[in-house]
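The structure appears right after this line, and notes come after that.
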Amino acid sequence: MAMSRRTWLIGGTAAGLVAAGLARPGDRGGAHDAYFAGLAKALAPLPAQPTLVIDRARLKANLAAIRQQARHPLRVVVKSLPSLGLIDAALADWRSDRAMVFNAPQLALVATERPAVKMLLGKPLPASAAAWVLDNVPAERRAPERIEWLVDSAERLAEYRALARAKNLPLRINLEIDVGLHRGGVEDEAALAPLLELIRGEPLLRFAGLMGYDAHLAAIPDLPGARSGAQAEAARRYAALLALARQRLGPPAGPWTLNAAGSPTFHLHDASSSANELSVGSAAVKPADFDKPSLAALQPAAFIATPVLKDLGDFRLPRGVEWIAGAARAWDVNQRRAFAMHGGHWLADPASPPGVQPSGLYGPSSNQQVLVASPSTALKPGDWLFLRPRQSEAVLLQFGDLVVVDEGRIVDRWPVFPASA
């Protein structure tokens, strides 16, 4: 019996070692593929510093694919494409004159620099922010019909009524409706009715339409009935609130703005949708958070390029915990070498060369982040690393002018908007 038990223990230990060996990470290192090698060659004339690169050919292809898939006119989401160069490219390809803006500084900038563009707020601004915009846009470019102010409650609508009266200026009001996301807005007919009555009773307030953001539909698990049920409820709720607006306000003098969707859900709106326009932004450059089946035809068109600052040799941790790095090197070939890159701690993940990754043991740094790799990753100081942003909003504002690359060379530089939240 004792011999049998010993045999069992030895056999079990051996099996455990074999299983551990099979689970051990393989070598993921390598060199840039042809695409990233081409980007690195195109960037050679630049000073070696963190740079946000836009692939113009991919951008154009994405814009065309979005236009072909959309069943309604498109509105450009400014916060996701915070550069007049990007916005102009989208407006031109989508044959659109509509933008969605999300804060006062960007609203004032677009209103001033692009006087032909019609703007809808993507979130309700405090009335004081709206007043700031009206005070800081040249009078000839703040025509009331160009801006639709988003309102989500009776209290905010009363503030906008006071603003309109104080400035003796008509304001177009678009009402935010909650179609299932539950992040604010009017949820039902009982809540919408008093807002419609307030607008109807104030000559300086003009009803412009409804905005129902439905990004939650792309995040719902594809369980039987879950996603389809949420989509049906969103459509039902939008149609019901629109019907009430038509009943209380009568036929509009001009078409209302009935906005919906976003990059993850614009494909869901067909001819049966209550919406008559769709908002899209991030999909044009496809950051990593938008790797969704519905956007499979699109390609990433924005990358962070940053140089290797230092080859640190063997991956090591600070004195006192060196042994942990030693264990990591012994276990994982992809943690045997270390590099410091210029900058770091962005909302982005390494894209090339393969196998390079932030060190979870060393921790992030915005100054010179430590990356680990296998010995088969051929990098030296001055070489370009490429990271793919997880999102475009905010990230694109962190690197100065966007460097536009096409056909293997730098073809333009697009200034980004001043930093704002």
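Answer with yes or no whether Ala40 is within 22 Å of Leu397 (Cα to Cα), hydrophobic (A, V, I, L, M, F, W, C) and surrounded by fewer than 20 Cβ atoms within 10 Å (Cβ to Cβ). Please lay out each step first, then the result.
Numbers: within 22 Å of Leu397 (Cα to Cα): yes; hydrophobic (A, V, I, L, M, F, W, C): yes; surrounded by fewer than 20 Cβ atoms within 10 Å (Cβ to Cβ): yes.
Spelling it out, Ala40 is indeed within 22 Å of Leu397 (Cα to Cα), hydrophobic (A, V, I, L, M, F, W, C) and surrounded by fewer than 20 Cβ atoms within 10 Å (Cβ to Cβ).
Residues in the range 326-348 that are over 14 Å from Leu371 (Cβ atoms) and not in a loop (DSSP other than H, G, I, E, B): 6 in all. Is there a residue being under 24 Å from the mean Cα position of the chain (by Cα), surrounded by 23 or more Cβ atoms within 10 Å (Cβ to Cβ) and not polar (S, T, N, Q) anywhere in the range 305-326? Yes, there is a match, as at least one residue in the range 305-326 is under 24 Å from the mean Cα position of the chain (by Cα), surrounded by 23 or more Cβ atoms within 10 Å (Cβ to Cβ) and not polar (S, T, N, Q).
Please determine whether any residue of the range 300-314 is under 20 Å from Ile177 (Cβ atoms), outside the structural domain of Glu148 (by TED's automatic domain parsing) and part of a strand (DSSP E or B).
Checked against the condition, which is being under 20 Å from Ile177 (Cβ atoms), outside the structural domain of Glu148 (by TED's automatic domain parsing) and part of a strand (DSSP E or B), the range 300-314 yields no hits at all.
Against the conditions (1) surrounded by fewer than 19 Cβ atoms within 10 Å (Cβ to Cβ); (2) at pLDDT below 95, Val137 satisfies every one except (1).
Considering each of Glu322, Glu393 in turn, give the residue that is among the acidic types (Asp, Glu) and under 30 Å from Ala284 (Cα atoms).
Details: Glu322 fails: under 30 Å from Ala284 (Cα atoms).
That would be Glu393, the only listed residue that is among the acidic types (Asp, Glu) and under 30 Å from Ala284 (Cα atoms).
Total residues in the range 156-180 satisfying the condition of being outside any strand (DSSP E or B), modelled with pLDDT of 95 or more and within 30 Å of the chain's Cα centre (by Cα): the figure is 5.
From the list Gly363, Gly382, the lone residue that is modelled with pLDDT of 95 or more and at positive phi is Gly382. For the range 248-255, state whether one or more residues are within 28 Å of the chain's Cα centre (by Cα) and within 27 Å of Ile66 (Cβ to Cβ). Within the range 248-255, not a single residue is within 28 Å of the chain's Cα centre (by Cα) and within 27 Å of Ile66 (Cβ to Cβ). Go through the range 97-117 and count every residue that is basic (Lys, Arg) and more than 15 Å from Glu145 (Cα to Cα). Within the range 97-117, residues that are basic (Lys, Arg) and more than 15 Å from Glu145 (Cα to Cα) number 0.
In the set Ala253, Ala297, only one residue is surrounded by fewer than 18 Cβ atoms within 10 Å (Cβ to Cβ) and in contact with a helix residue (DSSP H, G or I) (Cβ under 6 Å, 6 or more places away or on another chain); that residue is Ala297. Figure legend. Inter-residue proximity from the range 68-88: first residues touching a residue at least 12 places away in the same chain (Cβ under 8 Å) and more than 20 Å from Glu113 (Cβ to Cβ), second residues in a loop (DSSP other than H, G, I, E, B) and among the acidic types (Asp, Glu), beta-carbon distance below 7 Å, spacing 6+ or different chains. Indicated pairs: Arg71/Asp270. Taken over the range 362-376, the criterion of being surrounded by fewer than 17 Cβ atoms within 10 Å (Cβ to Cβ) and either of a type in the set (Gly, Ala, Ser) or touching a helix residue (DSSP H, G or I) at 6+ places or on another chain (Cβ under 8 Å) (or both) is satisfied by Gly363, Ser365, Ser366, Pro375. Residues in the range 117-152 that are part of a loop (DSSP other than H, G, I, E, B) and basic (Lys, Arg) were compared, and the one that is farthest from Val77 (Cα to Cα) is Arg142. Under the condition of being out of contact with any Pro (no Cβ under 8 Å at 6 or more places or on another chain), surrounded by fewer than 18 Cβ atoms within 10 Å (Cβ to Cβ) and part of a helix (DSSP H, G or I), the residues counted in the range 94-116 number 1. Residues that are crowded, with 18+ Cβ neighbours inside 10 Å, at pLDDT 95 or above and part of a helix (DSSP H, G or I) do not occur anywhere in the range 204-225.
The condition of being surrounded by 14 or more Cβ atoms within 10 Å (Cβ to Cβ), in contact (Cβ under 8 Å) with a residue 24 or more places away in the chain and in a helix (DSSP H, G or I) holds for Asp289.
The values are calculated or read from the model by the stated rules, or taken from the named source; none is laboratory data. The structure presented is a predicted model; accordingly, all values stated were derived computationally and were not measured. Cβ atoms come from the backbone with ideal geometry, glycine included; neighbour counts cover every protein chain shown.
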